[in-house]
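Have a look at the structure below, then the notes.
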Amino acid sequence: MDTTQLEQAFNSLRLELREQAQKLRDEIQATAKQQEEKITELKETAKQQEEKNTELKERITKLEQASRRQDRKMEQQKRKTAKHKSKIEELEGDVKDSKRKVARLEQEDKRVEKLVTQNRDRILRLERRSIVNDTREKLGKTFGFMEA
């Protein structure tokens, strides 16, 4: 082989290497561009996920607050219920006492009614005696009888 052929072969190889290098550069650039696009997509996805996470954290916070409010309300309701139960028990005791008083008063009323009836009967007897005595006295004065 002479030098011209060697130069041509060398130039041909150089040209082929340049073409392959250009192809590789183009492929690398295309791959780099695809990877940049993927990176951009991943960044966007990460941003969306972060927004979702923020929203979820806010919802969790709100739910926790609502839960605490509900717990406070339940505790308050328990206290009210206990207070009402206590009041009910107190009132039930008062009702029992009142029933006992009513029963005692009814017995007293019956006793008083019996005494009133007895006294009325005595009064009637005494009035009859008084009428009889008055009548005797009048008859005695009228007819001159003296009582013995």
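The values are calculated or read from the model by the stated rules, or taken from the named source; none is laboratory data. Remember, predicted model here, so these are calculated numbers, not experimental data. Only protein heavy atoms, including side chains, enter the accessible area calculation; ligands, DNA and RNA are left aside. Shrake-Rupley method; radii C 1.70, N 1.55, O 1.52, S 1.80 Å.
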query = Which value results when the Cα radius of gyration for region 63-148 is divided by 2.2 N^0.38 Å?
reply = 2.94
key: 0 to 90° range, to nearest 10: angle between helix 3-143 axis and the chain longest Cα axis   = 0
inquiry  = Binning at 5 angstrom from zero up to the longest distance, how are the C-alpha pair distances of region 72-118 distributed in percent?
reply    = 7, 17, 13, 11, 10, 9, 8, 7, 6, 5, 3, 3, 1, 0
inquiry  = Please report the carbon-and-sulfur percent of the accessible area for the chain; probe 1.4 Å, protein heavy atoms only, DNA, RNA and ligands left out.
reply    = 54
message = If you average 1/r across every pair of different Cα atoms in region 1-62 and take the reciprocal, what Kirkwood value do you get, in Å?
response = 16.0
note = Quick calc of log₁₀ I(q)/I(0), the chain, Debye, one scatterer on every Cα, no solvent, q values 0.11, 0.15, 0.20, 0.21 1/Å, result -0.90, -1.04, -1.19, -1.21
Hull shadow area, averaged, region 20-94 [alpha-carbon convex hull, nm²] = 6.0
query = How large is the accessible surface per residue of region 17-60, computed with a 1.4 Å probe and reported in Å² as a whole number?
reply = 100
